[in-house]
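The values are calculated or read from the model by the stated rules, or taken from the named source; none is laboratory data. The structure presented is a predicted model; accordingly, all values stated were derived computationally and were not measured. Glycine also receives a Cβ, built like all others from the backbone with ideal geometry; neighbour counts cover every protein chain displayed. With ligands, DNA and RNA removed, areas are computed over all heavy atoms of the protein, side chains included. Shrake-Rupley method; radii C 1.70, N 1.55, O 1.52, S 1.80 Å.
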Amino acid sequence: MTTPNTSRVVRFHQTGSADELKIEELPVAEPAQGEIRIKVEAIGLNRAEIMFREGQYLETPELPARLGYEAAGIVDQLGSDVTGLSIGDRVSTIPGFSLNQYGIYGESAIVPAASVAHYPENLTPGEGASIWMQYLTAYGALVEIGSADEDKTVLITAASSSVGLAAIQIANMMGAKCIATTRGADKKAFLLDAGADHVVVTDEEDLARSVMELTHGKGADIIFDPIGGPLLTQLADAAAPQGIIIEYGALAPDPAPYPLFPALAKSLSIRGYVLFEITTDPARLEIAKHFVYDGLESGALKPIIDRTFVLDDIVQAHRHMESNRQLGKIIVTV
């Protein structure tokens, strides 16, 4: 496999809007010990990357910064002490690294060997770049933490996102009843087709009242939410006694008030959760990977692609994600 001396990569030199993303020609680096280099074929976009670009993420960008967690590609170079991988392997990256150390937006990317996995041969590169963030995030919340099963109701907010759709599929896989939310009625039919048992349109319906009606007064046992902010109060009102609210994001710009009285009255658990709990723990990651592989092979899990862009249109791809119009994963081909 012939590797050019330079490759086009995406960087930003100051935090801000999508316009800060620039495609630059940089020397192709060599992987160090425990690393591999991949020729990138497809990139899966994630909300975390927008937050990182804006300077609103878990870590502050060290400028100039690359970004990106998920890519599918072909291994073209191995660092020392790498086992289980060979040049020419088709792999996809697992988010388990700092964006200040690694970034996959570009034609070539270096990542830790521990943060890649082979993906099923029946998937396209775009689908391969749509696996790990969404399915591992939903798995950790619903299966590991929430213990979803046929006796539980799962409430999924922001359900048309890639993680939301993955959560619907996993809830169905575990036999749980699934209630999805969306702000506008235009996404309701899509979410029902995607496997939700019920959809609450929050611009038109009272969330807590609707959930109580759908659960015959019990409420949701597991609530999976990336929004936070004032919505947390409504989620507490929609929760079942001894329910758990799992917060995996902070999309709302306003602070989240703690719903003290509902929490006391219902003995609620409110838990912060990030994917890195799983991806930085080799034992937990191995179990989670097997769960995802089994779901993909059985057909219970199937990545849903919203729209595909090319690398030259990375700014437009970010703007599309910011529009919140997407239904599933946004892909960039390289």
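Here the scattering of the stretch 188-334 is modelled by Debye summation over its C-alpha atoms, one equal scatterer each and no solvent; at q = 0.09, 0.14, 0.17 Å⁻¹ the log10 of I(q)/I(0) is -0.39, -0.96, -1.28. Taken over the stretch 1-99, the convex hull of the Cα atoms encloses 108 Å³ per residue.
Here the convex hull built on the C-alpha positions of the stretch 85-169 has a volume of 138 cubic angstrom per residue.
Let me test this: with uniform point scatterers at the alpha carbons of the stretch 274-328, what is the Debye-based log₁₀ I(q)/I(0) at q = 0.18, 0.25, 0.32 1/Å? The Cα Debye sum returns log10 ratios of -0.84, -0.88, -1.12. Pairwise Cα distances in the stretch 6-60 exceed 16 Å in 57 percent of cases.
Couplings 3J(HN,Hα) for the stretch 297-308, derived from phi with the Karplus relation 6.51 cos²θ - 1.76 cosθ + 1.60 (θ = phi - 60°), are 5, 7, x, 5, 10, 8, x, 9, 9, 7, 7, 10 Hz, where x marks Gly and Pro. Accessible surface computed residue by residue for the chain, with neighbouring protein chains in place and a 1.4 Å probe, gives 42 Å² per residue.
Probe radius 1.4 Å, ligands and nucleic acids ignored: give me the carbon and sulfur share of the accessible area of the chain as a rounded percent. Here it works out to 50 percent.
Ignoring the sites themselves, what is the longest stretch of the chain with no GluC sites (Glu not before Pro) in a DSSP loop and at most 13 other beta-carbon atoms within 10 Å? Here the longest run is 205-334. Ranking Y105, G164, G195 by Cα position along the charge dipole of the stretch 77-211, where only Lys, Arg, Asp and Glu carry charges on their C-beta atoms, puts Y105 farthest toward the positive end. Shown in residue order for the stretch 270-287 are the 3J(HN,Hα) couplings computed by the Karplus curve 6.51 cos²θ - 1.76 cosθ + 1.60 at θ = phi - 60°: 10, 10, x, 8, 10, 4, 5, 4, 8, 6, 9, 10, x, 5, 5, 5, 4, 5 Hz (x for Gly and Pro). The antiparallel fraction among DSSP beta bridges confined to the chain stands at about 55%. Using the alpha-carbon atoms, what tilt in degrees (0 to 90, nearest 10) does helix 314-323 show relative to the longest principal axis of the chain? The angle comes out at about 0 degrees. Taken as Cα centroids, the stretch 192-269 and the stretch 62-130 sit 35 Å apart, rounded to the nearest whole angstrom. Find the Cα radius of gyration of the stretch 220-265, compare it with 2.2 N^0.38 Å by division, and give the number to two decimals. For the stretch 220-265, the normalised Cα radius of gyration comes out at 1.05. Rounded to a whole number, what is D in µm²/s for the stretch 249-299 from Stokes-Einstein with the Kirkwood radius over alpha-carbon pairs (4 °C, 1.567 mPa s)? Rounded, D is 91 µm²/s.
Taking Cβ atoms as reference points and 14 Å as the exclusive limit, the residues near R284 contribute a net charge of -3, counting Lys and Arg as +1 and Asp and Glu as -1. Here the mean projected area of the convex hull built on the C-alpha positions of the stretch 130-183 is 3.2 nm². Cα-based values for the stretch 131-274, radius of gyration first and Dmax second, are 13.5, 38 Å. Using a cut-off of 28 Å between Cα atoms, the listed pairs K266/K289; K22/K329; K188/K266; K187/K218 include K266/K289; K188/K266 as exceeding that distance.
Size descriptors for the chain, from the alpha-carbon set: Rg then Dmax equal 20.0, 65 Å. Accessible area ranking (1.4 Å probe, heavy atoms, ligands and nucleic acids excluded), largest first, for M173, M51: M173, M51.
Between 0 and 90 degrees, the angle of helix 162-173 with respect to the longest Cα principal axis of the chain falls at about 60 degrees.
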